[in-house]
1. Roughly what angle does helix A:286-295 make with the longest principal axis of chain A, taking Cα atoms, 0 to 90 degrees, to the nearest 10?
2. Whose amide H sits under 5 Å from the amide H of A:Asp168, counting only residues 5 or more places off or on another chain, with H placed in the peptide plane?
3. Mind jotting down the distance between the C-alpha centroids of the stretch A:386-460 and the stretch A:183-218, whole Å?
4. Obtain the nm distance between the two label points defined at A:Ser258 and A:Ser323 by a simple spin-label model: each point lies 7 Å from its Cα along the Cα-to-C-beta direction.
5. Rounded to whole Å and sorted largest first, list the principal axis extents of the Cα atoms in the stretch A:425-472.
6. Listing A:Met156, A:Met275, A:Met455 from the residue with the fewest other Cβ atoms within 10 Å to the one with the most, what is the order?
7. Can you give the percent of C-alpha pairs in chain A whose distance is more than 33 Å?
8. In degrees, nearest 10, range 0 to 90: what is the angle between the Cα axis of helix A:108-117 and the longest Cα principal axis of chain A?
Amino acid sequence: MRLRFAPSPTGALHIGGVRTALYNYLLARKEGGTFILRIEDTDQSRYVPGAEAYILEALQWLGISPDEGPGIGGDYGPYRQSERKNTYQQYAQQLLEAGHAYYAFDTAEELEAAREKDATFKYDAGARMRMRNSLSLPGSEVEALLQNGTPYVVRMKIPQHETILIQDEVRGEVAFDSNELDDKVLVKTDGMPTYHLANIVDDHLMEITHVIRGEEWLSSTAHHVLLYRFLGWEDSMPTFAHLPLILKPAPESFLDKSSTPVLAARLTEEFARKMPEAADSLGGKAEQLALQILQDKKNLASGLKVKDKDDEGKAALKAFLKSALYGKLSKRDGDRLGFPVFPLSWKGSSEAESFIGFREYGFLPEAVINFLALLGWNPGDEQELFSMEQLIAAFSLPRINKSGSRFSIDKAHWFNQQYILKAPIEELAGQVAPLLKAQGHEPGQNFLYAFIGLMQERATLLTDFWENGYYFFEPPRGYEEKMVQKRWDPERSELFEALVNSLEGLPDFSAGAINTATEQFMEAHGLKFGEVLPMLRLANAGTMKGPAVFEMMELLGQEEVANRMRRAFKAFNQMVGA
RNA sequence: GGCCCGUUCGUCUAGGGGUUAGGACGCCAGAUUUUCAUUCUGGUAGCACGGGUUCGAAUCCCGUACGGGCUACCA
């Protein structure tokens, strides 16, 4: 069994692509097959330097590295389509000679004009003879055009009145009427093949047995089947499995009182940038209108439907909002909604083209894998947490769902939390240490392990260790105002100063000893836990959230604790105006 | 518009003729923890609609609605 993941190096690898790669990998591993990476770079205008390296690094980070591919090797290379140009030429020639393909000389302008005249224009059997190609033109003229170097493309000649049946592992049998199919371009003017030709030739030559790809390819699969037939490879045609798409999160999940106005403003701004005329026609009302639509939760869907009475501007805004709120998860969504949609961060040519990745956001690769595996597939039982080995053992094509699934960042967070919770401290240390170092801190191993031990069950993302536990390395940035106001009694300043002194004099600064000393102090002065512990916590951490206060103090150390407390009590007094 | 695919709690999903329609995330409440989190217990909430077929339909069939994909010399 040989499976390939065939991304186009046009930028960062989308999370949907990652899932496709994962499913290919899982099946290959389960069946003892080979997982191949092929770079589909036939569109030179869309080529983005660095994208291929990004893809490889992402797969490696996720633990689904290919067995064959560019930079890896294998017996079926080269694995970049741009390096296989001549191979495709040969098969295009074969198709031409067998009458399954023909030369077409129509210019881009001519095609555009045809589409303009008739919105439903299709380059098919009906239109073919009205266009300029080797079927409609006399042989001598074709010869002349070819001779004098007139640019041409090679088109596939679709036969009429045929039903093409596709056996899809996910969807079952899907039928297409060949009369609905257009004569797809096989070879472009620049001599490069299109995806359609290249993927068939490569899959055949690389002896691919199973094609697992996104649903967006289902429609063109009929063309692909025909191509296998024309090339005489139908007997060894791979098995197809078309994956459901990953969709944007449900609007209800991210539209709330505080985020809706922000989103409305952001989307209106984007709308104005993309459709300045429509936005102008709405004048200053665009944002208000957008907000209105977004706030009408119950009728969000129908609120987005364009009505006859809507003027052009409003209709355009609605259409824009709809595309921003529904449909396939896109790279923009990460920015709009504040979560990653790429495995790794991507540095584009501009701020707007740069995106933060799951890795940099603080996700563990195991969590991303687990989350993605279950988005569109499940083993049929109630297990949620899977190691890669378990996924490999449980995975199967028939259990892939047919319908698209919405991305949920909450669920992703939960998975990550689970993995942080059960990760060994030493392992987490390896992940967290670099994050601390980036903040200028390089704690010793004992301190680091203890810190992670205290924060582990309070972290959802790796970045939480620093975000929520920075005060283990630096003095608190401030003190929770409300809590100080509520709980700090300036008249107890001197009492607390005495507590600091006694803590300072402790021969053993362990959590247990601190606890005992504190209890003695409370007893001596008739104070309750609630009157003392919050003050200790606030003084040392600045926040009411965090690990057990005595353990926290032990790790901070005697001197640091004394300093922090003295400074804090002074600050508290100021805050309450004493 | 045309073609293709889909539709079970807000979300991810199990269930494929007889089920109190199960689980997970989220949310809510309670217990534990004098913080937060973890953990535990409970709750909330669903078969898009209309017709058939059948003794019986979430499940099979047809239609409608809705959603999605494709409709490029992009992949």
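1. That helix lies at roughly 80 degrees to the long axis.
2. Placed amide hydrogens put A:Glu173, A:Val174 under 5 Å from A:Asp168.
3. Computed from Cα coordinates, the inter-centre distance equals 37 Å.
4. Distance between the two pseudo-spin positions: 3.2 nm.
5. Answer, in whole Å and largest first: 22, 19, 18 Å.
6. Listed from fewest to most nearby Cβ atoms, that is A:Met275, A:Met455, A:Met156.
7. Roughly 60 percent, rounded to a whole number.
8. The angle comes out at about 90 degrees.
Quick note: the coordinates plus some simple rules give every number you see, no bench work behind them. What you are looking at is a predicted structure, and each value in this text was computed from that prediction instead of being measured. Methodologically, a virtual Cβ is constructed for each residue, glycine included, from the backbone with ideal geometry; neighbour enumeration extends over all protein chains shown.
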